[in-house]
Structure formats: C-alpha cells, structure tokens
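One structure is given below, encoded as structure tokens.
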Amino acid sequence: MSCRICKPRGGGRGYINLFGKIGYCNNFIKSNFHNFIDVNRKNFTTGNLKSNDAKDEASFTITSDTIRIDGQSFPVDDFTNVTPNILSKIKRQLHLHQSHPISILRNLIETQLNDFRHFNSFSPIVSTRQNFDDLGFPIDHVGRNKTDSYYINRSVMLRTHTSAHQLQILSAGENKFLVSADVYRRDEIDSNHYPVFHQMEGVQVFDVAEAKEQVSCDITKIGQFNSACVLISNEADTDTSTNNQKNPIQFCHPVEAANSVGLHLKHTLNELVKRLFKDEKELKVRWIDAYFPFTSPSWEMEVLYQGKWLEICGCGVILQDLMNKAVRPNEIGWAFGLGLERIAMVLFDIPDIRLFWSNDPRFLDQFTTNEIKKFKPFSKYPASTRDISFWVDNNKGFHENNFCELVRSIAGDLVEDAKMIDEFVHPISKRRSLCYRIIYRSMDRNVTNEEINQIQLDVQKEVQTQLGVILR
C-alpha cells in the first residue's frame, strides 16, 4: 500500500505507495512501435535474457502485434508501452534471494509479523481490473495514465503495487497476510528511483462487532512479545478517534470499531519500526493524514532517523466496498504498504538504487541472511556527462517520464541521473526549449568515451523519432 502521486517516490510514494505516483503518456508507442522495438533490441536480445542464476531467466518475444511472455501471448494495442528492458527483469525477484538486502529486510519484517501468512510469488502480470478497478480507482484517476505505468495492452499490465492482489487474498478468506513482490512504474532517473522496485503489503481483518475486544487482546500480546524493544516517542498527534472531514471514518463503520482498528494498525507498525530501527536510541514516529483510493481514514508513517524524517509506509482502514467485494460485509480491516528499497538503502547504507540489481560478487558477497550489514563501497568509477537540448512541439506535448524511459531503454543501468538544467521559451515563436544533463556511470566497470558517445547518439536519434522534438 505504498502511494506516490501526492509526492515524489523513492523506492516506494504518490498514487499508490499503496499506496506510488502516476502520469500520462503520448501515443508514440503505437504509431512508432517498430522503431521503438528496434532501439531496444540494440541492448537486449528478443528471446531469453539470463542473469547469473538460471531461475532468473526471462523468456519473451515482442513483435508488432503480439507480446509473448513465458508462454503467454498478449495482443498489442494503443496502450502497449512495456519495453524489453523491463521485461528482462520480471524473473529477477530480488526479494526471494536469501542473502540479498531486499530479501533480508523482507525476512526481518516477516519475523516480526510471524503469525501472518506470507505470499511472495505472485506473477507481476495483472489485469487493469486487479490493479485499479477492484481497488476503487476512478476511471479518470491519474494513476491509470500511461506515463508512469507499464501496459502490456489496454487490459493487462505490470502491477504498480502489491495491493493488486489484496482482493483475491481477502476473497480466499485470509485474515492476516503479507504480500511481497516486485512492482513496476515509469519514473525519473536518479540514485533513488528505478523502474522496478519491491513492496510489502500487510493486511489484518477483524469482526466488526468484536473489533474492540479483538484489538485489545491482540495489542496486549504484541506488547508482551516486544517488551524489550526501544520505546517510541511520538512527535505528532496519533489520536485515531479524530474523525475529521479530510480524513474521515467511513459512514458504514461504527466509530468505536474504526478507532480500534486504526489503533491496532498504528501499534503494529510502531512495533515493527522498533525492530527495524532498534539501534536508534530515541526513535521518533509521526503520523500524517493522507489520502489513498482504497483506505479511509489513511495515514503516512514517518520515523526520525539520523536527524532526517524517513517515510516508512502508507496505511489505513480498508474501504468497506473492497471487503464487500470479497463477500466479507461484517468485517473490518487495515492495510499498509511499504517500499523495501527505500528502507533497505537506509539500513544498509546503499547509496544508489541500481546496486540492488548488480550481479557483482563484490556487492552480493557483503551480505548475510538475517543480518543488517553496512555496505562498503568497492569502487567509484568515473562519471561521463552529456547534455541534450531540444525544442518541444507544444501541440504534441512532452512528459519527462517518456524521455527518461527512452534513455533507460537505450542506456540500461549505465544511466545514473537525468535532470532538466535549463528551460527557455522563445519570445516570438513561443516554442519551449529544454536542456537535460545525463550522467552515465557503470557500477562495476569503467566505460569508454566511445561507448557513451554511441549511446548519446542513439538517444539523440530516438528522442527525435519517438518524442517528436527538434534537437538544438
């Protein structure tokens, strides 16, 4: 339940960080599909893409009218914008590699919430109904647009959040469960953002009529189990009984039941961060009123860690409409969602999100199952910087996420950062000129000027072809 449209994400905020950020996309994918595939094939071979682990093999084929992934065929249409670069990662599942930081963090959370059932192997390919409709996203919600989401076609996509599986698990009768998975979002390029990251979703359900008693009993057990953990000093108002108009209790919920469930949610997450940040002497937590399409009331949880407020997760009381769809009209529940990369980067001192995807043993061999060890940098290879300037056609529109996706599709993980450094509007023609600075750097080797020059030439060519801009 990690949401990201309200604010920029770092490994997991905005429309969903249940619960991430979403945007818009122009129509260049369909009209230039052959060109789009050709430029990506420069870096990827259609067929089998393999990492060092055989189970990480991703098998796919892309043609002008069909995408075939691990034996499943999907027709291409005007919504298709998934790339070979992204499809090559759908089998990596970093959260299941035991000594990987993402998996270590997942295990720590599952150990803390040890009576929850774990779901860790759902396919990332979901329907738009699962990802949006089941969760109550309005038809015109910005989260449905193509700029920040990867569509296989109009009705099938790569999930943007773990909440896409919430209804199917609730419908199966589960009362306490965790879902961990890779999620996919088009986004900006920098050390904190990557188009694939990992989320963990948590849900617990209570009987509406007995919620107060169930919560009281459960909190007593949780408190006794974790009595040795550090205490939390709450810096913000955590009074769940305040039913304000901006963050309301649902009309169908008895106030006492809703307050009890909100209290249980906050208590559960307080105990979780005590475990994760146990070395912080005076851990401070604050709860901020928030909005998510499928919870109300809703909050964002932040902790003060090493002098800075760190967003942990989005959470709230599940909309009753979702419970009713699961045929559980007499029950009430809470849900939270957190981005594993965001927390792992802090706990393990990992400076660049691309490192999580490295197969370099100098990175992987530093970590041990169930231990948080600070990352020791093994090298810092020199960066290579290039600028690109172009005129934007005001009638066609331009979205930065489309530009970043194109750069990523050509440069892969060699691109470290892409930022707009200048914007100019011509006083007569009113045309807009943008200048982006792109930083290339490998995480595990030196790159040559010749290599980067060729990548930059490809970017210059494709940005004109695909985005309809004019180079300056």
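The values are calculated or read from the model by the stated rules, or taken from the named source; none is laboratory data. This is a predicted model, so every value here is computed, not measured. Reconstructed Cβ throughout: ideal geometry from the backbone, glycine too, with neighbour counts over all protein chains shown. The protein model used for the area step is the full one, side chains on, heavy atoms only, and it has no ligands, DNA or RNA in it. Shrake-Rupley method; radii C 1.70, N 1.55, O 1.52, S 1.80 Å.
Do you know which residues across region 362-380 are among the hydrophobic types (A, V, I, L, M, F, W, C) and under 24 Å from the mean Cα position of the chain (by Cα)?
Scanning region 362-380 gives 363, 364, 367, 372, 375.
Of the residues in region 153-174, how many are part of a strand (DSSP E or B) and among the β-branched types (Val, Ile, Thr)?
1
Going through region 160-180 one residue at a time, which ones are buried (at least 23 other Cβ atoms within 10 Å of the Cβ) and in contact with a His (Cβ under 7 Å, 6 or more places away or on another chain)?
Hits for region 160-180 are 179, 180.
Would you pick out the residues in region 126-148 that are closer than 20 Å to residue 90 by Cβ, in contact with a Leu (Cβ under 8 Å, 6 or more places away or on another chain) and open to solvent by less than 30 Å² (accessible area, probe 1.4 Å)?
The answer is 126, and nothing else.
Are there any pairs, at least 6 apart or on different chains, whose C-beta atoms fall under 6 Å, with the first in region 97-115 and farther than 22 Å from residue 176 by Cα and open to solvent by 20 Å² or more (accessible area, probe 1.4 Å) and the second among the basic types (Lys, Arg) and modelled with pLDDT of 95 or more, and if so, which?
Close Cβ pairs (under 6 Å, with a partner that is among the basic types (Lys, Arg) and modelled with pLDDT of 95 or more) do not exist here.
Among the numbered criteria (1) at pLDDT 95 or above; (2) surrounded by 16 or more Cβ atoms within 10 Å (Cβ to Cβ); (3) not β-branched (Val, Ile, Thr), which one does residue 466 miss?
Only one criterion in (1) at pLDDT 95 or above; (2) surrounded by 16 or more Cβ atoms within 10 Å (Cβ to Cβ); (3) not β-branched (Val, Ile, Thr) is unmet by residue 466, namely (1).
Filter region 401-426 down to residues that are in a helix (DSSP H, G or I) and touching a helix residue (DSSP H, G or I) at 6+ places or on another chain (Cβ under 8 Å), then give me how many there are. Talk me through it step by step, then tell me what you get.
At the first step, the residues of region 401-426 found to be in a helix (DSSP H, G or I) are 401-414.
Going one step further and asking which of them are touching a helix residue (DSSP H, G or I) at 6+ places or on another chain (Cβ under 8 Å), we end up with 402-403, 406-414.
Number of matching residues: 11.
Filter region 122-148 down to residues that are more than 18 Å from residue 171 (Cα to Cα) and modelled with pLDDT under 95, then give me how many there are.
The total comes to 12.
If a residue has to be over 14 Å from residue 199 (Cα atoms) and touching a helix residue (DSSP H, G or I) at 6+ places or on another chain (Cβ under 8 Å) to count, how many in region 333-352 make the cut?
Result for region 333-352: 6.
Would you point out the residue of region 69-95, among those that are in a loop (DSSP other than H, G, I, E, B), within 12 Å of residue 153 (Cα to Cα) and hydrophobic (A, V, I, L, M, F, W, C), that is most open to solvent (accessible area, probe 1.4 Å)?
This residue is 79.
Being closer than 30 Å to residue 210 by Cβ, open to solvent by less than 70 Å² (accessible area, probe 1.4 Å), of a type in the set (A, V, I, L, M, F, W, C) and in contact with a Leu (Cβ under 8 Å, 6 or more places away or on another chain), is that true of even one residue in region 393-408?
Checked region 393-408: no residue is closer than 30 Å to residue 210 by Cβ, open to solvent by less than 70 Å² (accessible area, probe 1.4 Å), of a type in the set (A, V, I, L, M, F, W, C) and in contact with a Leu (Cβ under 8 Å, 6 or more places away or on another chain).
So which residues in region 436-463 are among the polar types (S, T, N, Q), part of a helix (DSSP H, G or I) and open to solvent by 40 Å² or more (accessible area, probe 1.4 Å), if there are any at all?
Within region 436-463, 449, 453, 454, 460 meet the criteria.
Where residues in region 234-249 are modelled with pLDDT of 55 or more and surrounded by fewer than 18 Cβ atoms within 10 Å (Cβ to Cβ), which of them is nearest to residue 276 (Cα to Cα)?
247
Counting only residues that are surrounded by 14 or more Cβ atoms within 10 Å (Cβ to Cβ) and out of contact with any Lys or Arg (no Cβ under 6 Å at 6 or more places or on another chain), which one in region 368-389 is nearest to residue 269 (Cα to Cα)?
372
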